[in-house]
Amino acid sequence: MDDKRKYPRVEIEELAYVSSGGSVMSCVVRNISPAGAAIDVDNPAFVPQRFRLVLAKDSSVHDCRVIWIQKNRIGLAFIDGQGGR
């Protein structure tokens with residue numbers, strides 16, 4: 001299978017938070033690159049199309065948009081110009 005990603009993803013297992021409109025939901029980041037990530041959540045129906053991903057380890061923040069959903073895993077693209085803060 002051809003991987004069409006611009007950057008390779010690094011496999012991790014890190015606690016993070018989906019933050020949008022004043023609500024926060026925990027998630028686990030399964031892989032990450034400079035361009036995006038894949039996260040696992042309890043219920044993808046509660047994840048908006050655009051949100052902020054806050055990594056618990058270093059409090060870095062990424063503005064994201066959902067690219068795909070498969071069961072409880074969500075593929076994200078980081079919105080250009082909004083890397084970690």
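Key figures for this structure:
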{"item": "Relative contact order of the range 11-85, pairs being alpha-carbon contacts under 8 Å that are 6 or more residues apart, as %", "result": "28 percent"}
{"item": "Projected label distance in nm at TRP68 and SER19, using a 7 Å step from Cα toward the beta-carbon", "result": "2.9 nm"}
{"item": "Cβ-based charge dipole, the chain, positive-most Cα from PHE51, ASN72, VAL41", "result": "PHE51"}
{"item": "Accessible area of the chain divided out per residue, in Å², using a probe of 1.4 angstrom", "result": "65 Å²"}
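The values are calculated or read from the model by the stated rules, or taken from the named source; none is laboratory data. Because the structure is a prediction, the values reported are computed rather than measured. When we count neighbours, we look across all protein chains shown, and the Cβ atoms used for this are built from the backbone with ideal geometry, even at glycine. SASA here: full protein model, heavy atoms, side chains in, ligands and nucleic acids out. Shrake-Rupley method; radii C 1.70, N 1.55, O 1.52, S 1.80 Å.
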